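Since every read-out is calculated from the coordinates, none of them should be taken as a lab result. Remember, it's a predicted structure, so these values are computed and weren't measured experimentally. Neighbour counts run over all protein chains shown; Cβ positions are idealised from the backbone, glycine included.
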Amino acid sequence: MEPLRIAVAGLGRMGRRHVQNLIYRVPRASVVAVCSTEAHELEWARSFEEYKEFNVTVYGSYEEMLSHPGLQAVWISTSTDVHASQTLAAIKKGLHVLCEKPLTCVDAAKARPDLKVMAGFSRRFDASYRDAATKIFDNKAIGSPFIHHPELAQMNDVDNGVGVVEFWGGKIAYFYCSRTQAHGHDVCTEITGTEGKVSVNVVPRANNVVVADKLGIRNEVQPEYWQRFEDAFALEANEFTESVLRNKPVPLPLEKGVKVMEIGRALQDALLTGEVQRFNEKGERI
């Protein structure tokens, strides 16, 4: 089977890395083109020996790149404000699309069921988060997810309480009190169930080396986002490629991405208005 002929739009911090992943970590894909509207990115790309070695054509226009001979798919890694328009343009050209936030394009994607249009959320492809999901949903390792006990309000009590105290001068203190939290809470992703808890990235260690010196005992940490999720982006690209070549459903359809963003917008509205934002049983804002 021939590899998937894919182009990458955008050559900024993430776009360049997506190209590297596709070239070296996605054997079923072939990068045939890239594009950017930034002069310094184009100058770099046109002089980059690696792109010449792999016959990657560099375009200064997204529209021109979409007409590259034999192009099958495009990975959109440009600024968020053009994700929708570029996704729609690719769909109109009959191309498969992988883009992190093409959430206003659901109707257009539905109108072309022959095309694979996938939302890219890196945590969905991270090994640790996938393992956590398996333990929660398949293995039932922590029972059912624990939500709350509203009946405690009748006793002037809560199961989980957060107090915010603002002092003169703008200083703020947060006080947390929990009747349900398992031992070992940290800044991480946690899902607490009736019989246990699954945590991801409680201690973001780079390795298992412990350094002990006059400054104390410590671990090295992962210094940046890309290092933490590099493998997830590679897996994301591989699964998108397989979806196209084998005509399989994409692992993250746009509808699920829309739901995630609706929750995020509700949180933003709650912050700005100070009011509780509610959803009905169908997941619709009320």
Ordering 14-21, 250-257, 130-137, 153-160 by per-residue average of other C-beta atoms within 10 angstrom, highest first, gives 14-21, 250-257, 130-137, 153-160
Between residue 210 and residue 259, the two model label points (7 Å from Cα along the beta-carbon direction) sit apart by a distance in nm of 4.2
Pseudo-spin-label distance residue 133 to residue 225, built 7 Å along Cα→Cβ, given in nm, is 2.0
Quick shape check on region 4-119: root eigenvalues a ≥ b ≥ c of the Cα gyration tensor, a/c under 1.5 is rounded, otherwise prolate if a/b tops b/c, else oblate, and it reads prolate
Taking 0.36 nm per residue of separation between residue 28 and residue 179 and subtracting their Cα-Cα distance, the length gained on full extension comes to 49.4 nm
Of the listed pairs 52/248; 52/110; 93/282; 116/140; 135/248, those with alpha carbons more than 29 Å apart are 52/248; 52/110; 93/282; 116/140
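How would you order 25-31, 5-11 from highest to lowest mean count of nearby Cβ atoms within 10 Å?
Numbers: 25-31: 18.9, 5-11: 25.0.
So the peptides 25-31, 5-11, ranked by packing, come out 5-11, 25-31.
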Taking a crude spin-label model, label points 7 Å out from Cα along the C-beta direction, the residue 85 to residue 153 distance in nm is 4.6
Here the gain from full extension of residue 110 to residue 284, 0.36 nm per residue of separation minus their alpha-carbon distance, amounts to 60.6 nm
Sorted on mean Cβ neighbours within 10 Å (highest first), peptides 75-83, 48-56, 275-283 come out as 75-83, 48-56, 275-283
Taking 0.36 nm per residue of separation between residue 43 and residue 269 and subtracting their Cα-Cα distance, the length gained on full extension comes to 77.2 nm
Cross-link reach from residue 259 to aspartates and glutamates, straight Cα distance under 12 Å and at least 8 residues apart if same chain, gives 284
The convex hull of the Cα atoms of region 216-286, divided by residue count, gives a volume in Å³ per residue of 183
